[in-house]
1. How much net charge surrounds residue 171 when only other residues with a Cβ under 15 Å from its Cβ are counted (Lys, Arg +1; Asp, Glu -1)?
2. Heavy atoms only, 1.4 Å probe, whole protein assembly: order 188, 274 by accessible area, highest first.
3. Pop out the ³J(HN,Hα) list for the range 13-28 in order, Karplus 6.51 cos²θ - 1.76 cosθ + 1.60 with θ = phi - 60°, rounded to Hz; leave Gly and Pro as x.
4. Given an 8 Å cut-off on Cα distances and at least 6 residues of separation, report the relative contact order of the chain as a percent.
5. Based on the Kirkwood radius over alpha-carbon pairs, what value in µm²/s does the Stokes-Einstein equation return for the translational diffusion coefficient of the chain at 4 °C and 1.567 mPa s?
6. Quick check: the angle from helix 138-151's long axis to the longest principal axis of the chain, C-alpha only, nearest 10 degrees?
7. In debye to the nearest 20, how big a dipole does the chain give about its Cα centre with +1 on each Lys and Arg Cβ and -1 on each Asp and Glu Cβ?
8. May I ask which residue of 270, 201, 241 lies farthest towards the positive end of the charge dipole of the range 196-292, with charges of +1 (Lys, Arg) and -1 (Asp, Glu) on Cβ and the Cα centre as origin?
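The values are calculated or read from the model by the stated rules, or taken from the named source; none is laboratory data. Please read these numbers as outputs of a predicted model, since none were measured by experiment. Here the Cβ positions follow ideal geometry from the backbone for every residue, glycine too, while neighbour counts run over all protein chains shown. Just so you know, the surface numbers come from the protein's heavy atoms only, side chains and all, with ligands and any DNA or RNA stripped out. Shrake-Rupley method; radii C 1.70, N 1.55, O 1.52, S 1.80 Å.
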Amino acid sequence: ERIRLHARLAASLQARRPERVAEIARHWSAANDAPRALAASVAAGQQTLRSGAAAEAAAHLSRALELWEVVVDAATLVDLDHPALLLEAALAAEHARHLDRAIDLARKAAAELATVDPMREGQALLLLRDLYRFTYRWDECADAADRALAVIPEIPPSNARARALAAAALSNGYQHRFDDALAHARQSVAVAEAVGDPEALIDAYNALGVQLYNVGDYEGGFAVASRGLGLCDGSVSPERVLTAHICVDNGLARLGRYRDRVANAQRAVALARSSGLGGPRSALLARIWIGA
């Protein structure tokens, strides 16, 4: 009787309140209707992540991964393949700051995409690179960046290629190979400009700004970082905006502009609060704010 009641509630909500996707997913799951529960769990995970409820999104997408194993032709049902669902779940886990879980999911996605889809494999490796960066696993961070650059095609120019070059620049910078780092950063800017995507340009400017800081050109690095922040409008993802704020902060710190550091970090933390999509970057910016 309880199972039938959950099914009726799910169907009623779907007809009358389709925007209440999280409730619909829970009721289909409790009704033991795996196909409908899978579709609703994916929709709920995507919607709740967009609204900033990262922990709830991670839970819905984890449930979707469980249901995937028992649903026939799951990819057609949800219009996603398994690696794509793994990456969505990894992104939600990252924003919820469940970083070990995010790393596990992103690794599985990269493994499934290896030798099948180089572009998407590279994008999975770039996510892994970010996750390793925020868990201070520097060797694995550098390895993921190198692997991404190796598998993402040079032609045609792409957002992913620009991001891979930016990641390689940062990795070379960590290893004090500053000439290689600057070369990769400048290539990243050139590719991003050819693509014309603001998020790719922000990553590229971030990489170039950091490398200019590393060689002592603080004013030049700050000018490049400020160009990246200037691209941040309503179309740019919050995590990319926060990355731009971090790069600007690096310049303000080197230039001794501590009051400006406070204001920059305060604005960034406000964005993380309002969007719910700061992930590990928001914690870093909160520490910067307090320290400044």
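1. Working: positive: 129, 133, 137, 147, 163, 177; negative: 130, 139, 140, 143, 146, 179, 180, 203.
Net local charge, residue 171 excluded: -2.
2. In descending accessible area the options line up as 274, 188.
3. 4, 4, 7, 9, 9, x, 6, 8, 5, 5, 5, 4, 4, 5, 5, 5
4. Details: 471 pairs, mean separation 30.9, N = 292.
It rounds to 11 percent for the chain.
5. On the way: Rh = 20.1 Å.
Translational D for this selection: 64 µm²/s.
6. 80
7. Details: 33 positive and 35 negative charges, 234 e Å.
Dipole size: approximately 1120 debye.
8. The residue sitting farthest along the positive end of the dipole is 270.
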